[in-house]
1. Is there a residue being of a type in the set (Val, Ile, Thr) and either outside the structural domain of Leu210 (by TED's automatic domain parsing) or buried (at least 19 other Cβ atoms within 10 Å of the Cβ) (or both) anywhere in region 140-148?
2. Need pairs with beta-carbon distance below 9 Å; first residue in contact (Cβ under 8 Å) with a residue 60 or more places away in the chain and under 16 Å from Cys175 (Cα atoms) and within region 99-115, second of a type outside the set (Ser, Thr, Tyr) and assigned to a helix (DSSP H, G or I); sequence gap 6+ or separate chains.
Amino acid sequence: MTEISDCADTPVNYYCNKLTNQQEIFVATLTHDLKNVVTAQISSMEMLKNGNIGTLNLEQTNVLDLLVESSKYMQDMILTLLDTYKYENGSIHLEKENFDLKEIVERCIQETYSLATDKNLKISYISNDEVLNADKRQIRRVISNLLNNAINYGFKNSEIKLKSYTKNKKVIFCCESTSPVISEEVKEHIFEKYVCESQKYEKIGFGLGLYLARKIVEAHQGKIYLNAEGFKNNFIFEIPINSGKDYSQIIW
């Protein structure tokens, strides 16, 4: 028996594909417009916080800090949606440059400082000052995603251990933490779209972060994987120091 999905020329498939395309365009347009609005809000709040428009008292500054932090979280979710859409439609270009990985990792640690402090989490980082040729913004997104996951799901009063080193002309980055045991079902599909345990642990998430991280790493001709044993989880990605791609080359 022939399935409807196998009949590419049927009217049903035509309208299904048309609807899917319309949905994708809607999501891309919506997230793009939201990104601009949220970015403007963050910029305005930081101007207020820095006293560019007038002096604020301590209580007002603290409120603004919370607003900026929540807005940046929203901005990251929007950018994840937008970048996921772009990767799936082949419209992302790698903009490669030489950069110090340590600088990117330390910046990610600074950005998540307040989140880690709330759970009394210690973050340590060991580096051999790796320099690689890659898309700096995209690699930063991978590291930020892994670190945020470790903070969100990690046990209170525990430690997150970050490490980077070079081996066989590859840069290897590890993010080790202790958290509730990841189920075998989720572990098997953890880098696929919409897979997460956010509902189980009353977290906010839609299961795109690790999927996007995989897309980014694979675009750099690398790989990302999870080594998990009991409460210990170690997310690892490795990419060539220089993948040899042109700056403007489309990923696929």
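1. yes
2. Leu101/Ile139; Leu101/Ile143; Val105/Arg140; Val105/Ile143; Val105/Leu147
The values are calculated or read from the model by the stated rules, or taken from the named source; none is laboratory data. As the structure is a computational prediction, the values presented were derived from the model and not from experiment. Quick reminder, even Gly has a Cβ in these numbers, built from the backbone with ideal geometry, and neighbours come from all protein chains shown.
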